[in-house]
1. For the subset of segment 84-103 comprising residues that are within 16 Å of the chain's Cα centre (by Cα) and not aliphatic (A, V, I, L, M), which member is farthest from Asp172 (Cα to Cα)?
2. State yes or no: is Val80 part of a loop (DSSP other than H, G, I, E, B) and in contact (Cβ under 8 Å) with a residue 12 or more places away in the chain?
3. Can you say whether Lys309 is free of Cβ contacts under 8 Å to residues at least 24 places away in the same chain, part of a helix (DSSP H, G or I) and either under 30 Å from Thr68 (Cβ atoms) or in contact with a Pro (Cβ under 7 Å, 6 or more places away or on another chain) (or both), as far as the supplied structure shows?
4. Would a scan of segment 229-244 turn up a residue that is β-branched (Val, Ile, Thr) and under 20 Å from Val86 (Cα atoms)?
5. List pairs: first residue in segment 124-144 and within 13 Å of Ser60 (Cα to Cα), second residue outside any loop (DSSP other than H, G, I, E, B) and of a type in the set (A, V, I, L, M, F, W, C) anywhere in the structure, Cβ distance under 8 angstrom, at least six positions apart or on different chains.
6. State yes or no: is Trp235 at pLDDT below 95 and either under 16 Å from Gln295 (Cβ atoms) or surrounded by 18 or more Cβ atoms within 10 Å (Cβ to Cβ) (or both)?
7. So, of the residues in segment 163-202 that are at pLDDT below 90 and part of a loop (DSSP other than H, G, I, E, B), which turns out to be farthest from Glu74 (Cα to Cα)?
8. Is it true that Thr68 is surrounded by 15 or more Cβ atoms within 10 Å (Cβ to Cβ) and part of a loop (DSSP other than H, G, I, E, B)?
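The values are calculated or read from the model by the stated rules, or taken from the named source; none is laboratory data. The model shown is predicted, which means the values in this text are computed figures rather than measured ones. Positions of Cβ are generated from backbone atoms using ideal geometry, with glycine treated the same way; all protein chains shown enter the neighbour counts.
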Amino acid sequence: MKKIISIVSFFILLLVTAGISNAYFFVPGLKQHGQIVAYRGGGSRIDNHKLQQTGCTAKSLLGSEVDTIENTIEAVSAAVKAGADVIHLNVHRTRDDQLVVFHDWTLDCATNASGPVNRATYHDLEQVDAGFGYTFDDGATYPFRGKGFRISKLDEFFSRFPAHNFWLNLKDNDDHSFAILYRYLSGSAAIYARKTRVITSLKGVYWFQKTDPSIPVVSVDQVKDCGIDYLLLGWAGIVPESCKNTTLLIPPSKVKYFWGYPQRLAARLQQHGTSVYLWSEHQPIDAKIADVVTQGIGVVTSDTDFISKLHANNGVH
């Protein structure tokens, strides 16, 4: 029995040694720098603790000098000026089959209107003050109210920022909404050339893959599966199937658990068609991590100060 245990232990040690050696010594070259993604198009920072209590982004702002709100033309203009490479937007289908950019499921929290976004027509939304409900101080002041912020059509963003790639987070989860977005994307070769990525449910992923596999599409569940599988296998230099041709998002506080971070991780996954991003959402970013972009790691953020410093210090674009 002792001999069998010794033999098994030897082969386990050999396997682990081979895996670690593979991970360290057989790493492909880095294909590209990371990209900066303007989360929700930019806008004000959010207190995530307060957001969990209120369930309302507009009532959970952190005090700052930012003078725009998320998912607006003004926010994207500021993010693009700062140097963002990719624009992340939340997209809804309206009752009259228009695609509009707005985060919440309903209008009640952020605007001076009420009801689900997909029950309104675009004409209804044109009358809405999109900055009406935003506050830093629990309702003592409303600095964005009456400032002209509005809910815009998706097409306006594509027209205004033709040089940028887009991540489109489709909020609606039905076949008709998938078809409306697909019809819009497939109607323009220029949009295809930008490699627009659709973020949707698993149901939406299956729909788009069946309809047109050339459209990059991903779900939150797929991102989680990739993260978990890589934590289990990455130490051995193995890229699991769930991490091929997709997107991996990692919270900054979790990077220490991902083998090879930053450059080895980025290079290995890039070899399999996957890009890696720090997922900071609306939180401020420590300027000390700016060099990860040159090491192949992108950053998803609405912190325009960080984006500006990044480009000023490194000249990355």
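1. Taking segment 84-103 and keeping what is within 16 Å of the chain's Cα centre (by Cα), we get 84-91, 101-103.
This time we only want the ones that are not aliphatic (A, V, I, L, M), so: 85, 88, 90, 102-103.
On the way: Asp85: 26, His88: 16, Asn90: 10, Phe102: 12, His103: 11 Å.
My answer is Asp85.
2. Numbers: part of a loop (DSSP other than H, G, I, E, B): no; in contact (Cβ under 8 Å) with a residue 12 or more places away in the chain: yes.
No: the conditions fail for Val80.
3. Working: free of Cβ contacts under 8 Å to residues at least 24 places away in the same chain: yes; part of a helix (DSSP H, G or I): yes; either under 30 Å from Thr68 (Cβ atoms) or in contact with a Pro (Cβ under 7 Å, 6 or more places away or on another chain) (or both): yes.
Taking the combined requirement at face value, the residue satisfies it.
4. No, segment 229-244 contains no residue that is β-branched (Val, Ile, Thr) and under 20 Å from Val86 (Cα atoms).
5. Gly133/Ala58; Tyr134/Ala58; Tyr134/Leu61; Thr135/Ala58; Thr135/Leu61; Phe136/Leu61
6. Numbers: at pLDDT below 95: yes; either under 16 Å from Gln295 (Cβ atoms) or surrounded by 18 or more Cβ atoms within 10 Å (Cβ to Cβ) (or both): no.
No, not satisfied.
7. Looking only at segment 163-202, we keep the residues that are at pLDDT below 90, and these are 163, 186-195.
If we keep only those that are part of a loop (DSSP other than H, G, I, E, B) as well, we get 163, 187-188, 194-195.
On the way: Ala163: 17, Gly187: 26, Ser188: 25, Arg194: 21, Lys195: 23 Å.
So, considering only residues that are at pLDDT below 90 and part of a loop (DSSP other than H, G, I, E, B), the one farthest from Glu74 (Cα to Cα) is Gly187.
8. Spelling it out, Thr68 is indeed surrounded by 15 or more Cβ atoms within 10 Å (Cβ to Cβ) and part of a loop (DSSP other than H, G, I, E, B).
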